[in-house]
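A.B. asks: Before I ask anything, here is the structure I am working with.
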Amino acid sequence: MSPTRSLIAATVAGATVAAGVWLATGTASADTISGTLYRDPDTAVARWLQSNPNDSRASVIRDRIASQPASRWLSNFNQSTIRSEVSGYVNAANSAGQIPVLTVYGITNRDCGGASSGGAPDLAQYQTWISSIAQSLGNRTVVLVLEPDSIALLTCLNSSELAARNAALRTATQTLKAGNPNAKVYLDAGHSAWNSAGEQASRLAAAGVADADGFYTNVSNYNSTSAETAYGRAIISALNGQGISGKRQVVDTSRNGGASGDWCGDDNTDRRIGQYPTVNTGDANVDGFLWIKPPGEADGCRYSAGSFQPELAYSLASSAPNPPSSPPPSSPSSSPSSPPSSSPPPSLPPSSSPPPSSSPPPVGGACAASYRTTSSWQGGFQGEVTVRAGSGTPSGWVVSWTLGSGQSINQAWGGVLSVTGSTVTVRNAAWNGQLPANGSTTFGFIGSGSAGSPTLTCAAG
């Protein structure tokens, strides 16, 4: 494949992973995306970590990759299972008050027969598949990355096939938007080292970008964020010149953090993850910096496309900075159908928190616990509990408190939840129980009712 191509994984399980680093919360700008990106607990990297907790690379991969939300790829064309796959994923995100990101990757003649070939046998069956996806999106905000390579890569299509694909993408966009009016749909714009901005804008217009929310760039590629946003501004300007206004950009930053290396992600040893995922971009033209290509999943050059390779993940993450330990402030979306602005339920947080800049007072006994409300909305809230060891918790820890009037706990992460009457108990997870003296970890939960200030007790497990 050409080094100007964006290589996409055919079997990407893709996805978002939850962990104890909380970020990606905020508002890009008025009237765009507001909220927190969903991190899926069931991903290839999460499963690898669960199976390899003592691998020397595990902590780096966990803290800098598995902690972050990434897109779930719908890449297996199966009419009988697509509804349950989409609804299960979207409902899990909605229950957590978070924004799911889905990459739809099943168009006929996908990848022009390259390493990620496949997709629907024909465009009629493709539209049936799209309709099933549209019917499973719910009514809250969901981000849809529609068909990578479908517009930037056209070398394998003749004129009639190109017309049919453009019609299929236009219909798919309209179908998805009709299925969920709060869906954000973005079309393929390649990347800044591929087609010119004017050419790409013309292709987007022909494929129906007027009905979409905008376009995405840099999927599975390595171009810098600054190059991509400049390219996006040029495309937006060209679209405006064609009478198509109001379109915005999404940039894949999953592995564009600089350094050199072979163009194929399977073979490079000197690439880096880029900006951590967020919808708080600070750029009026950009709706999100997303991890569309899950870091560590192969391109199909050296390894099977879509397979998770810890060697690749560690190479991408080893020299990257740790993500921020807490999100910027945010508020719930003004749209009643949008999810509350809450942080996601991480399932694989780091086993200990970085030391604070000043030493906290010593903990008496085995451990102590402190609480903060990280987000609240009408009828619900999200809380975070920090567990800090005194003499250490070699056998684990357990935190308890009493629910306030009208409160209930809907879900928790970073610990094992049980509720008996009004008493809440959270025990450590398998990976974060053994805290050294003065070590710490966090767990979080989503509750119903009004947030309060519970009195917590912490004891050795």
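The values are calculated or read from the model by the stated rules, or taken from the named source; none is laboratory data. Predicted model, so just to flag it, every value in this text is computed and none were measured. In this analysis, Cβ positions are derived from the backbone assuming ideal geometry, glycine residues included, and neighbour counts consider all displayed protein chains.
A.B. asks: Can you pull out the residues in segment 276-290 that are at pLDDT below 95 and among the charged types (D, E, K, R)?
C.D. replies: Across segment 276-290, the qualifying residue is only Asp283.
A.B. asks: Output the number of the condition that Ile273 fails; it satisfies all remaining conditions of (1) at pLDDT 95 or above; (2) over 17 Å from Val145 (Cα atoms); (3) crowded, with 24+ Cβ neighbours inside 10 Å.
C.D. replies: That leaves (1) as the condition not met.
A.B. asks: Just checking, which of Ser192, Ser220, Ser202 is hydroxyl-bearing (Ser, Thr, Tyr), part of a helix (DSSP H, G or I) and over 18 Å from Ile130 (Cβ atoms)?
C.D. replies: Unique residue meeting the criteria: Ser202.
A.B. asks: Hey, can you tell me all the residues within segment 150-178 that are of a type in the set (D, E, K, R) and farther than 15 Å from Val209 by Cα?
C.D. replies: Listed by number, the list holds a single entry, Glu161.
A.B. asks: Every residue in segment 16-63 that is polar (S, T, N, Q), at pLDDT 50 or above and crowded, with 24+ Cβ neighbours inside 10 Å, please.
C.D. replies: Once the filter is applied, which keeps residues that are polar (S, T, N, Q), at pLDDT 50 or above and crowded, with 24+ Cβ neighbours inside 10 Å, segment 16-63 yields Ser34, Thr36, Thr43.
A.B. asks: So, in segment 407-425, exactly how many residues are at pLDDT 90 or above and either under 30 Å from Asp40 (Cβ atoms) or in a loop (DSSP other than H, G, I, E, B) (or both)?
C.D. replies: 9
A.B. asks: Hey, can you tell me all the residues within segment 109-146 that are modelled with pLDDT of 95 or more, in contact with an Asp or Glu (Cβ under 9 Å, 6 or more places away or on another chain) and surrounded by fewer than 22 Cβ atoms within 10 Å (Cβ to Cβ)?
C.D. replies: Across segment 109-146, the qualifying residue is only Ser136.
A.B. asks: Are any of the residues in segment 184-191 among the small types (Gly, Ala, Ser) and within 16 Å of Ala238 (Cβ to Cβ)?
C.D. replies: Scanning segment 184-191 turns up at least one residue that is among the small types (Gly, Ala, Ser) and within 16 Å of Ala238 (Cβ to Cβ).
A.B. asks: Quick one: which of Asn268, Asn256 is modelled with pLDDT under 95 and either within 28 Å of Ala212 (Cα to Cα) or part of a helix (DSSP H, G or I) (or both)?
C.D. replies: Result: Asn256 is the single residue among Asn268, Asn256 that is modelled with pLDDT under 95 and either within 28 Å of Ala212 (Cα to Cα) or part of a helix (DSSP H, G or I) (or both).
Condition check ((1) in contact (Cβ under 8 Å) with a residue 60 or more places away in the chain; (2) over 24 Å from Gly97 (Cα atoms); (3) touching an Asp or Glu at 6+ places or on another chain (Cβ under 7 Å); (4) of a type in the set (Asp, Glu)) across all residues:
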position	(1), (2), (3), (4)
Val385	yes, no, no, no
Ser400	no, yes, no, no
Ser405	no, no, no, no
Ala412	yes, no, no, no
Asn432	yes, yes, no, no
Pro436	yes, yes, no, no
Ser440	yes, yes, no, no
Gly449	yes, no, no, no
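A.B. asks: Looking at Thr225, Thr253, which is the one that is in contact with a helix residue (DSSP H, G or I) (Cβ under 9 Å, 6 or more places away or on another chain) and of a type outside the set (Asp, Glu)?
C.D. replies: Thr253
A.B. asks: Somewhere in segment 388-401, is a residue under 18 Å from Ser450 (Cα atoms) and of a type outside the set (Phe, Trp, Tyr)?
C.D. replies: no
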